[in-house]
Structures are given as structure tokens and as C-alpha cells.
Amino acid sequence: MKRHLLLLVFILVANFSFSQSKVTLKGYVIRPFGEYAVGDTVTVWGTRKNINTGAVQYYIRSSFGEYRYFNEDRISLLGNDLDFWEKVWMENRAETINKKGWERGLRQELIEDAMDYYSQALANNMVLQDDMLYDYIYQLIYSIHPLSMLKDRTSDFSLVILNSTEHIAFSFDNGMIVLTTGLIASTDSENELNLILAQCIAHAVLEHNLVNLNEVVRAERRARIWGTVATLAAATAMAVDEVNNGVLHDYSLATDFGMSVYFLSSQVLDNLGAGYSSEQQLMAKRIASQFMDEHPQVNFLDDQQYLNTIASAISITAWQEYHLKNYSYAQLLALKLADARLASDIDYLLLSRIQRRKSNEMESNQLALDYLHIARKMALDPLPELDKEEGLVYARLQQHEKSKAAYLKYRDSLLEMKEQGKNVDAELRMINQYLQRNLGQDAAAMLKPTLDLD
């Protein structure tokens, strides 16, 4: 009777109770131990698994203030419906939190680091803008971890996707998960991405950033990180401006000039507490794999649907790899979309450019031209780069009249953009010079109105 009354009372309270800012569980004794008799209620301050037997053990404090672990066969938890991640937290963090407290000062530092990281990435044009991809990955995150995290204050997961070819994922203590387009593009199934997300979630639940944070260097740490970023940002802005001066649709992002390499460097990650040790990586992977084995229902898209959803990340990564001269990998990514009938006009433009970079055989040049024809059929808006690319390919195919016609059409587009106030002078000058050399005496009459550029 006493057991049933206790169960009725405690089943009405939440699984977790916050006593003096400590997270605990409630249970009752089913086998006597120490000073406790059958039916006594106890507070469980943490859990663990016995490394020898695998049995669950509960962390109990005696009336004398001593803590000890006791096997689960002596205690029955009340309202024991903890979800997967609550169990992970109780097994790995509860004991430390109840001993050391929440270390709120260090946690606040980590929150500020996360906000600084995001604002700096945003200011340097590194953050991907793709609402559909974000919404999809948010769905995955909350399928994996639907509740708020156990922190000193309510914390939910958030997402930042960086435009970068680096294959990196990590998380901050406040639940901000950072992925790169390169990493997303490298996955072939929803299950692969879910495993990556579950690993990031595991790092946040296990609080590896907090564990790794070195309080002694935290003041100089922030100056070191963002002072270097400010210097890089100035150099990057100049480089991007140079590239974009005359380039219309080139996906020449800041990643090509080292900004993302720095943002994702081991130096920065170490200073943010996200330079996880091999042991931490293995632990997070083990927990993520365990979660996926126990919750296969979080995968809801087949491989084709998944590829369609992440197509924008694949396209961006392909262009970035192209600009980094990694032509074979860029081609692999673009063909991945084309083979699945998910490629857009700019993807076929890229395939044509790569084809020119990798070969000068007649068949290869014809394939490059075929890609351009497909791109032109698909284009919903004018894409002047197609005219320029056609001019280059026709020249290779010795079809010089068609080449000149394509360049003239490209030049007309440049003139329109110049009238709209866009800085295309360098590109226009290059095309004018080419046409002057190839049109001979006719060039003066055709091109003279625009020879004197401002």
C-alpha cells in the first residue's frame, strides 16, 4: 500500500526536479542499503553504467553528506519515462553538475562566443541563405532532440550553415549547430545527415565545449579569434571586390580567399571549446549511432527526395570546388545533380566550364556545347554567361562566326548592365578588345560608341 501511495504522489510531478538549481530524479527503495529501508524515498543525483557488468547505478547521497553509487536493483525510479537524451545527460553530466554547479560564468562566455561566431560569419557573407534547406534540417534536428536541453537556462537548438568546402560539423554549448555546405553535399542519404546531426547534438548534451573551455585564457582568447578575423575580413573584402568586378554569376564566395578556412581552423575551434578530442568524438559517434539504431523513424526521405532537398548545397559546393581548381570533384558533384535530373541552368553552365578545363578533344568540346544548350533551355531568366561560354566553345570548334555572334550578344548584355549601374567595365573592355581583333575594320563602326569607358 505504501508503494502505491508513493507512486501516486510522485507520478504527478515532473521527472526532473530542480532543487537549488540541481537536476535530480526521485525513486523509492526496493532493497535496503546503507541507512535506507524498503519504501524510503531517495533523491538520485546522477546515473552511470557499471563498466564491468553494464548494470545501471544510481548516485545517492546519505544523510551524512556522502555520495555513493548503488545498483538499480535496489532503487525504482518514479515516473521513469526519460527520453534518450535525458538518459545520456543523467549518465554523463548530472554527477558533475551536482558537484560543481552550473558554472554559469563559463556558460555565458560560450553563449557570447556562439553569438560572436554567428555575427562574424554573417558579416563576412559566409552564412548560406536558403530557407528551404534550413527548414528541412530543423525538422531533422527536432526529430532527433524534440525537447529543450538540460542547461542552467532553457536552451533550444539552432542552425548555421556556412558556405565552405570544408567537411566540418560542430556545436556550441547553447545548442547552435554549425554545418558546412561541403559536408552536406558529401552526404548521399538522410541517414548520413541525421548521424552527423545526432553527433553534434551529443556534443552539446555531453557539454564538451564547457569541458574543453580553458578559463585561464578566455579573455585573450576572444581578442585572438576576432582580431584575426577583422584583418582577414578586410583582405577578403578587397579580393572579393576584385573578383566580382566584371564577373556576373561566379559563386566566387569568400571561401576562395581563406576566410572559411580560418573560421573552421583547429585554432578557432580549440578556442571555442569545439576542438573535440578523439575520445569525445568517439563518444559522440557511439551515442549518435545508438540513437539512430533505436529511432530509425527519424529518417523519412528516400535518397532521391533527400538529394532534391540538399541540391542547393551541392550546387554551391560544386562551384566553390571549381574556383579552387578541384575540377574533378566539382564535376562529380554537378553530375550528381544532372544524373538525378536535379541540375539547374547554372549547374549545366558549370559542367560546360569544367569540360573545357579538363579536355580539348572534339567530343569533349561538343559535350561542353551540349551542356550550354541544355542550360539555355532551362534558364528562367537571362544568363549572359551562357553567351560568353558559347563564344569560347565555338572558337574551340573552329566555328568562328558563331563565336563572334555569341560574344556580340554577351557584349549587349554587358552594356545593359552598365546602364543599370553595375561595374562591368573590365569585362566589357576585354570583350571589346577581342571583337576589335576579330572583326577588323568593321569593329570601329560597331563598337566605337562604347570604346571610351568611364
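The values are calculated or read from the model by the stated rules, or taken from the named source; none is laboratory data. A quick note: this is a predicted structure, and the numbers were derived from the prediction, not measured. Cβ placement follows ideal geometry from the backbone for every residue including glycine, while neighbour counts extend to all protein chains displayed. Quick note on the areas: whole protein, heavy atoms, side chains included, nothing else; ligands and nucleic acids left out. Shrake-Rupley method; radii C 1.70, N 1.55, O 1.52, S 1.80 Å.
Okay, here's what the table says:
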| read-out | value |
| --- | --- |
| Residue within segment 174-191 that is in contact with a strand residue (DSSP E or B) (Cβ under 6 Å, 6 or more places away or on another chain), in contact (Cβ under 8 Å) with a residue 60 or more places away in the chain and part of a loop (DSSP other than H, G, I, E, B) present | yes |
| Residue match in segment 309-327 (condition: within 20 Å of THR180 (Cα to Cα) and in contact with a strand residue (DSSP E or B) (Cβ under 9 Å, 6 or more places away or on another chain)) | yes |
| Subset of segment 400-420 (residues that are at pLDDT 90 or above, under 37 Å from the mean Cα position of the chain (by Cα) and among the basic types (Lys, Arg)) | none |
| Among residues of segment 408-423, those that are without any contact (Cβ under 8 Å) to a residue 40 or more places away in the chain and open to solvent by 20 Å² or more (accessible area, probe 1.4 Å), counted | 11 |
| Where a residue in segment 368-381 is surrounded by 15 or more Cβ atoms within 10 Å (Cβ to Cβ) and its partner, wherever it lies, is part of a helix (DSSP H, G or I) and among the polar types (S, T, N, Q), with Cβ under 7 Å and at least six apart | ALA368/SER352; ALA368/GLN355; TYR371/SER352; TYR371/GLN355; LEU372/SER352 |
| Residues of segment 382-404 that turn out to be open to solvent by 20 Å² or more (accessible area, probe 1.4 Å), under 16 Å from ASP345 (Cβ atoms) and of a type in the set (A, V, I, L, M), as a count | 1 |
| Tabulated pairs, segment 83-105, first on the phi > 0 side of the Ramachandran plot, second modelled with pLDDT of 85 or more, C-beta under 7 angstrom, 6+ apart or interchain | GLU103/LEU210 |
| Residue satisfying condition, being free of Cβ contacts under 8 Å to residues at least 40 places away in the same chain, in contact with a His (Cβ under 9 Å, 6 or more places away or on another chain) and among the hydrophobic types (A, V, I, L, M, F, W, C), within set ALA330, ALA405 | ALA330 |
| Test: residue in segment 162-182 that is under 23 Å from ALA94 (Cβ atoms) and surrounded by fewer than 20 Cβ atoms within 10 Å (Cβ to Cβ) | no |
| All positions within segment 165-214 that are at pLDDT 95 or above and of a type in the set (Phe, Trp, Tyr) | PHE170 |
| Count of segment 109-137 residues which are open to solvent by 70 Å² or more (accessible area, probe 1.4 Å) and not acidic (Asp, Glu) | 7 |
| Enumeration of residues in segment 71-116 that are within 26 Å of the chain's Cα centre (by Cα) and farther than 21 Å from ARG153 by Cβ | PHE84 |
| Residue tally, condition over 21 Å from ILE161 (Cα atoms) and surrounded by 15 or more Cβ atoms within 10 Å (Cβ to Cβ), over segment 313-328 | 2 |
| Segment 260-283 residues that are closer than 21 Å to ASN163 by Cα, paired with ones that are assigned to a helix (DSSP H, G or I) and at pLDDT below 85 (beta carbon under 6 Å, 6 or more apart) | TYR262/LEU232; VAL268/ILE225; GLY275/SER266 |
| Residue count for segment 185-216, restricted to those that are acidic (Asp, Glu), within 30 Å of GLN304 (Cα to Cα) and open to solvent by less than 10 Å² (accessible area, probe 1.4 Å) | 1 |
| Every pair of residues 6+ apart whose Cβ atoms lie under 8 Å, when the first sits in segment 128-148 and is within 17 Å of ASN299 (Cβ to Cβ) while the second is of a type in the set (D, E, K, R) and open to solvent by 10 Å² or more (accessible area, probe 1.4 Å) | PRO146/ASP83 |
| Among (1) among the charged types (D, E, K, R); (2) modelled with pLDDT of 90 or more; (3) open to solvent by less than 30 Å² (accessible area, probe 1.4 Å), the one test that GLU279 misses | (3) |
| Residue list for segment 39-80, restricted to those being at pLDDT below 80, under 11 Å from LEU25 (Cβ atoms) and either among the aromatic types (Phe, Trp, Tyr) or open to solvent by 40 Å² or more (accessible area, probe 1.4 Å) (or both) | TRP45, ASN80 |
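To keep it simple, each residue is scored yes or no on (1) surrounded by 14 or more Cβ atoms within 10 Å (Cβ to Cβ); (2) at pLDDT 95 or above.
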| position | (1), (2) |
| --- | --- |
| PHE257 | yes, no |
| GLN267 | no, no |
| ALA288 | yes, yes |
| PHE291 | yes, yes |
